[in-house]
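Have a look at the structure below, then the notes.
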Amino acid sequence: MNFPKKQYALVAVVVLVLLMVSSNCTFIHELMARDHLNKGVRDYTSKRYDEAIEHFEQAVEADPELIVGYLYMAISYRAQFIPQATSAENLEKAQKAIETFEEVLEKAPADDTEHKPTAMANLAGIYSQMGDYDKAKEWYHKRLEAEPNNPEPMYGIGTIDWQLSYDETGMTGENVEYLSEEEKEEINQLVDEGVEALKKALEIDPEYVDAMQYLNLLYREKAKLAEEEERKREWELQADRLALQALELKRKQEREAEEARRRLMAGTEKKK
């Protein structure tokens, strides 16, 4: 069927108008989303978490592809969660945070190197705060797969292993004599896993003071579990050396940070 030229022109105009309207609508929705995102960030900074969540909800409603909106919403839910508290309301906040962080992982593209690792880190952190250490370590391992050269997941695993061992052995190892051989073996395996994780973290970042300090604590767990006095002293000696090394490194970093601050202040004064 042949259409007159005028009809072709009319169709072209209609299509152009529809495209312009559609484009304008998309642009308006994106502006609305960004406006709510900014308002949500301000509320979050002021610790008005409920108001922040409302703005983040409106932001992702206006722009469902705004991944950062879901991430900030999840972080706001987590900020309301009180670690170890077991009230229904508190656990509901934790569950909402978990679900929203998981939504970030579902919606973010496969090559996302910003939002996905942050969501994984938060999932590991919140499970750890809930006392679900198996799930926490599961997420640390997932983050490690995504970021094999990041020492933080290995540090997280090491700190959990120390906490689990310390809870069983006691402050000075007073509980060790009441543990069965099987329990001692299980705890030793945990400690070895933590030691390996922290050593890998320090291979990546030799100046990771926190990892060094926890490695020192795990060596002390090895000393508590050692049956021979000679082995106990060896582990304690290694722990003491590492503790001193961590202290010296921390002081060095503090001096460097102070020197950098002074240079910055001097530069600011010169500009005046």
Quiz item: Given the conditions (1) exposed (fewer than 11 other Cβ atoms within 10 Å of the Cβ); (2) closer than 22 Å to G173 by Cβ, which single one is not true for A226?
Solution: (1)
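Table: residues versus (1) in the same structural domain as P206 (by TED's automatic domain parsing); (2) on the phi > 0 side of the Ramachandran plot.
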position	(1), (2)
K116	no, no
A119	no, no
G131	no, yes
L144	no, no
E168	yes, no
E177	yes, no
S180	yes, no
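Consider T113 carefully, then state whether it is closer than 24 Å to E65 by Cβ and not in a helix (DSSP H, G or I). Step through it out loud before you land on a result.
Values: closer than 24 Å to E65 by Cβ: yes; not in a helix (DSSP H, G or I): yes.
Judged against the criteria, T113 is a match.
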Quiz item: Counting residues that are at pLDDT 95 or above and within 29 Å of K96 (Cα to Cα), which helices (runs of 4 or more DSSP H) fully inside the range 116-231 reach at least 2?
Solution: 133-146, 152-169
Practice problem: Could you please find all residues in the range 71-103 being under 16 Å from E114 (Cβ atoms), in contact (Cβ under 8 Å) with a residue 40 or more places away in the chain and either surrounded by fewer than 16 Cβ atoms within 10 Å (Cβ to Cβ) or of a type outside the set (G, A, S) (or both)? | Solution: L71, I75
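The values are calculated or read from the model by the stated rules, or taken from the named source; none is laboratory data. Computed from a prediction, not measured in an experiment: that's the story for all the values here. Neighbour counts run over all protein chains shown; Cβ positions are idealised from the backbone, glycine included.
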